[in-house]
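The values are calculated or read from the model by the stated rules, or taken from the named source; none is laboratory data. Values in this document were obtained by computation on a predicted structure and should not be read as measured data. As a convention, Cβ positions derive from the backbone with ideal geometry for all residues, glycine included, and neighbour counts pool all protein chains shown. In case anyone asks, the SASA skips ligands and DNA or RNA and just uses the protein heavy atoms, side chains included. Shrake-Rupley method; radii C 1.70, N 1.55, O 1.52, S 1.80 Å.
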Amino acid sequence: MFSYRHAFHAGNHADVLKHTTLIALMKYLTQKDTALTVIDTHAGAGLYRLDGDYTETSGEAREGIFKLILASKTPDVQKARTGAATKKVAPAATPGAKTAPAATGTDASPASSYAWAPALQDYLDVLRELNPHFAQTGDPAHLKIYPGSPFIEQKFLSGRDKLKLFELHPTDFKSLSGNIEQLGVGRQVAVGREDGFEALKTFLPPPARRAMVLCDPSYEMKTDYLRVSACMADAVKRFATGTYVVWYPIIPRPEAHDLPRKLKTLAVKAGRSWLHATLTVKSSKLTTDAEGEVVRPGLPASGMFIINPPHTLKADLNAALPQMVALLGQDRNAGFTLEHGG
């Protein structure tokens, strides 16, 4: 159960979706004067090196954050945007789901003047703050440090807010503890080597009656899908007005397609609003190489399901998702879905 290391996947296309969404959520939720409790059930190491052995081995950042930046600088970005963004994400579709229309080309300008959607601009601003040389040059070769969700969450906290981080992996827990200690934030951020699914129960409802929970396990074990849905059901029962954020991979596995349906049913039965966004960058089909060997596609798509989302999130993602598709799409299957209810 400790084989998964997010360092292999840091900065991939799923992280672009997850962290763009997370930043939009944190920006909105930390505007109020009332204290906010943020709970991250599977926090990882907190910070990652994009020039480190793990990331270099997987190469996933090259098809994620690096591609996002480089593609925005290409002269034919206009053509890419008006073509790829019209594709649907068939594996993620649910009855009544709609694919947003293709983005117009009015905000696609060459090189450094590319007009990013506000949510993606905020995402890139966070990366620039951690990478001053990248901020100065705009060259992705100078993008060395990538923030995990704990560093993103902590960045937006005010003095009254609290952040609870949980990580079971012994090596990642040690890295997370050291990275958080360097921030010098004292008791505002608590790090625990615990099962986040179980630890969450002890913090709901929070004292100030405002909370956001991020739940994004590795899903390496099939039981994680069931644990996520059970965890969210228990959380909504304990504290119905919290904002609950679930990331999940979209892969050819029944559990992966059942999870968003279960979360939607949970939200509807509880009378809570919900939002479901998916991003697909390529086909999930197996292929064969010239020697007849089976080639697995890697992660083709991922989704974000939010219970009690801010009213601004739909517009944020509606502007950002077409750009993600246009810049990150690898084949004609690239697309996105965005649906909401409640």
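List of remarks:
- Test set (1) assigned to a strand (DSSP E or B); (2) without any contact (Cβ under 8 Å) to a residue 60 or more places away in the chain - Glu291 fails condition number: (1)
The rows are residues; the columns are (1) on the phi > 0 side of the Ramachandran plot; (2) of a type in the set (S, T, N, Q); (3) open to solvent by less than 30 Å² (accessible area, probe 1.4 Å).
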{"residue": "Pro252", "(1), (2), (3)": "no, no, no"}
{"residue": "Pro260", "(1), (2), (3)": "no, no, yes"}
{"residue": "Thr265", "(1), (2), (3)": "no, yes, no"}
{"residue": "Ser273", "(1), (2), (3)": "no, yes, no"}
{"residue": "Met304", "(1), (2), (3)": "no, no, yes"}
{"residue": "Met324", "(1), (2), (3)": "no, no, yes"}
{"residue": "Leu338", "(1), (2), (3)": "no, no, yes"}
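- Residues that are polar (S, T, N, Q) and over 15 Å from Ile306 (Cβ atoms), drawn from the range 321-342: Gln323, Gln330, Asn333
- Residue match in the range 185-194 (condition: free of Cβ contacts under 8 Å to residues at least 60 places away in the same chain, surrounded by 19 or more Cβ atoms within 10 Å (Cβ to Cβ), touching a strand residue (DSSP E or B) at 6+ places or on another chain (Cβ under 7 Å) and on the phi > 0 side of the Ramachandran plot): no
- Pairs linking a residue in the range 243-262 that is modelled with pLDDT of 95 or more to a residue that is open to solvent by 40 Å² or more (accessible area, probe 1.4 Å) and of a type outside the set (Lys, Arg), with Cβ atoms under 6 Å and 6 or more positions apart or on different chains, are Pro249/Leu299; Ile250/Pro91.
- Residue match in the range 316-337 (condition: within 15 Å of the chain's Cα centre (by Cα), under 24 Å from Ile39 (Cβ atoms) and charged (D, E, K, R)): yes
- Considering the range 12-32, the residues that are hydrophobic (A, V, I, L, M, F, W, C) and over 18 Å from Gly59 (Cβ atoms) include one that is surrounded by the fewest Cβ atoms within 10 Å (Cβ to Cβ), namely Leu29.
- The number of residues in the range 309-322 that are open to solvent by less than 30 Å² (accessible area, probe 1.4 Å) and in contact with a Leu (Cβ under 9 Å, 6 or more places away or on another chain) comes to 6.
- Sole exception among (1) modelled with pLDDT of 90 or more; (2) in contact with a helix residue (DSSP H, G or I) (Cβ under 6 Å, 6 or more places away or on another chain) for Ala108, by number: (1)
- Where Met1 falls short, out of the listed (1) open to solvent by less than 10 Å² (accessible area, probe 1.4 Å); (2) modelled with pLDDT under 95; (3) among the aliphatic types (A, V, I, L, M); (4) more than 25 Å from Thr278 (Cβ to Cβ): (1)
- A single member of Ala35, Ala93, Ala80 is surrounded by fewer than 22 Cβ atoms within 10 Å (Cβ to Cβ), in contact with a Ser or Thr (Cβ under 9 Å, 6 or more places away or on another chain), more than 20 Å from Leu120 (Cα to Cα) and modelled with pLDDT under 65, and it is Ala93.
- Those residues of the range 164-189 which are of a type in the set (A, V, I, L, M, F, W, C) and within 22 Å of Arg227 (Cβ to Cβ), in sequence order: Leu165, Phe166, Leu168, Phe173, Leu176
- Cβ-Cβ under 9 Å pairs, at least 6 apart or on other chains, the range 23-42 side under 24 Å from His169 (Cβ atoms) and without any contact (Cβ under 8 Å) to a residue 12 or more places away in the chain, far side open to solvent by less than 10 Å² (accessible area, probe 1.4 Å) and not aliphatic (A, V, I, L, M): none
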